Each structure stands twice: as C-alpha cells, then as structure tokens.
Amino acid sequence: MIPIPSSFESFRSIVHFVTTAHAQSFTEAADQLGISKSAIGKSISLLEQNLGTALFHRTTRKISLTSEGDAYLASCLIALETLQGAENALRSKLTEPCGTVRIDMPAAFGRSVMMPVLLNMAERFPHLKLTITFNDKVIDPLNIGFDLAIRFGTLKDSADLVAKKLNDQHLILCASPGYLLRNGTPATLEALRQHRCIMAWRGGSTLSWLVKDDKGEDFRFNPSPFHQISDGDAMVDACVSGAGIIQFPESLLRPFIENGKLVPILPEVKPEPTELSIIWPRSRHVLPSVRFIIDEIISLSEKRAFA
C-alpha cells in the first residue's frame, strides 16, 4: 500500500485556506464553500497546527496572511493548478494540451527566438497557458518549480533531470556599421583590446568571451570591458546603437545581420559551437501539456529552427 503523506489528508483544509486567503474573510469564505464560519476556522486552525506556523494575522476587524501564509498560498496555488490541468487533460481525453506550463529561458534568446515559437503553440491551443520567466543564471527547475527550462552549455541527464540537446549555437562577434566606420574593424584578437567591448555582467563579475586561438583551440578571452550589462536584450540594443562589440549566438543576431544593422567580425576566431538544451524534471508522470511542448520544441530542433 502506498503511504499517504499527511499533506494529502489535509487537502480539504488547503482548499479552505486558499478560499479564505482570496476572500480575506472567514465569513465570506464560509458562504462561498457552503459551510459554517466555525467549520472554516477549525479547519484552518488544524492546518496551522499541522504545519507548526500561523498562516493568518487575525484581528477583530480583518484577517491577513502572514509571510509564511503568503509563501504557502503560492505553493498551494501551483499544486491546485497542476491538479486542474491534469483533470482538464483527462476530461478532454488528451485531445489537446491544456493547463499551465512554467518555462524558464535565457533572457535575450528566450525573447527573440523561443517566444514566437511558444506563442504560436498557445495560439493553436487556446487552453494552453504559459508562465514564462527570463533568467540567465544557472537554475535548478526542481527547486524553483519550473516544468521546463532552456539553457546554454553542456548538460547531462541526472537522477533528477532529463536534458535533451537541441541545435548547436555558434558564438560570433558583431558590431554595427556605424561603430566600425568610426572606430575601424579589428583585424586580430589583440586589436579587440583597443575597442569598446560590451561584456555580460553576472553575479558581480564580467563574463569572458570564448574564442579560437591561432592553433585552433578554444580559450577564454578577457578584453577590458567598456560597458558591462546584465541583460542580454540591452546588450544587443547597445550594440545595434553603435556602443561597441558583443559576442552572442548567431541564431539570435541573424535578423540584425540580415537587415544590415550588425556586421560579423573576426569570423576566424569563432569557437566550437556551444550546446542548447531543454531540461525538465525526471518523472514517470509528465503532464500532457508539458510533454506536448517538449515534443514540439524537439521536432522544431530537428528542422534546425534554433540553429
């Protein structure tokens, strides 16, 4: 027999808690649920006792969530939404994806390359909802609560995560025509040190560039940063405006190159491609909506949509 956690036994109390938190009133919550005010109060008191913490501040006039109650409410809403999505999927006999899928992506690449793809899926399936966050940091989807994440760099399967490689990403150096007209086009890596390099700023430090040396080996290159910017979109905007030179995946910069707003430089120092991967928590029960997006992205990758 599968052991049932105590949190499952208090599911009714969780529903009472969420309803009360939204209503901000025991009386109104009781009316909505069709039970007595005292029943609501006893249910939430039992839940607080089981959790070992107060969920509400109570006064004679009103109630409000404690900081612990606010955090618990967020977790309850995610759990209830997941259950609702599973229920909707079963009711529709899995004919189309539905419910909310939470996806985390690198900022510039996510906005420019992945967003059109995801919004197209949502348009095709009106019951599919997306919660999208942009984050260039290394994250653990299990700890933060994402269903899927897109990440650069080599990733491997683990006991907790599944990683599927998508298209390779080719890092290139680019500048605007105006910048090159004013400052000249660097002919060597060393010449880059005399130019205005726009570098990524993460966690209180500058990220280096990956380039190829004269022997054809990749190494980390650290020109003196002229501008340091923590947001990828802002870096691209700065480069297009003529503020300096950036290194970014070609797939992201291609539209700017094709319309003449950016010019690739020093193609001979382009490093070996870096990987782009989609990752998700390892589970026997991947929700249909999550599996749908995984399969769609992998299928598009096989057509080199992200190259």
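Taken together, the values in this text are just the output of simple stated rules run on the coordinates, not laboratory data. Given the structure is predicted, the values throughout are model-derived calculations rather than measurements. Cβ: placed from backbone, ideal geometry, glycine included. Neighbour counts: every protein chain shown.
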Using label points projected 7 Å from each Cα along Cα→Cβ, tell me how many nm separate F219 and M115, to one decimal.
3.9
Loop trypsin sites (Lys or Arg not before Pro), region 35-77 (other Cβ atoms within 10 Å of the site Cβ: 12 or fewer; DSSP):
R61, K62
Percent of all alpha-carbon pairs of the chain at distances over 33 Å, whole number, is 44
Taking the alpha-carbon distance from K37 and a cut-off under 16 Å, which lysines remain once sequence neighbours fewer than 8 residues away in the same chain are dropped?
K62
Cut-off is 10 Å between beta-carbons; in what order do S25, S158 appear when sorted fewest neighbours first?
S158, S25
Relative to the compact globular guide of 2.2 N^0.38 Å, what is the alpha carbon radius of gyration of region 6-86, as a ratio?
1.03
Go ahead and run the numbers for FRET between H170 and A122, Cβ-Cβ distance against an R0 of 45 Å, rounding to 0.05.
0.95
Listing T274, T59 by rising number of other beta-carbon atoms within 10 angstrom, fewest first, gives T59, T274
Can you list the HN-Hα couplings for region 184-189, worked out from phi with the Karplus curve (6.51, -1.76, 1.60; θ = phi - 60°), rounded to whole Hz and with x for Gly and Pro?
x, 9, x, 9, 9, 4
Could you check which residue among V211, V18, V236 shows the biggest mean-square fluctuation in a GNM of the chain with a 10 Å Cα cutoff?
V18
Got the relative contact order for the chain handy, in percent, Cα pairs under 8 Å and 6 or more residues apart?
20
Length gain on complete extension for the stretch S67 to N135, per 0.36 nm per residue less the alpha carbon to alpha carbon distance?
22.0 nm
Neighbouring Cβ atoms within 10 Å as the yardstick, rank L47, L77 fewest first.
L77, L47
Using 30 Å as the Cα-Cα cut-off, could you pick out the over-long pairs in K129/K270; K129/K261; K129/K156; K129/K164?
K129/K270; K129/K261
Relative contact order of region 171-269: what whole-number percent is it, with Cα pairs under 8 angstrom and at least 6 residues apart?
46
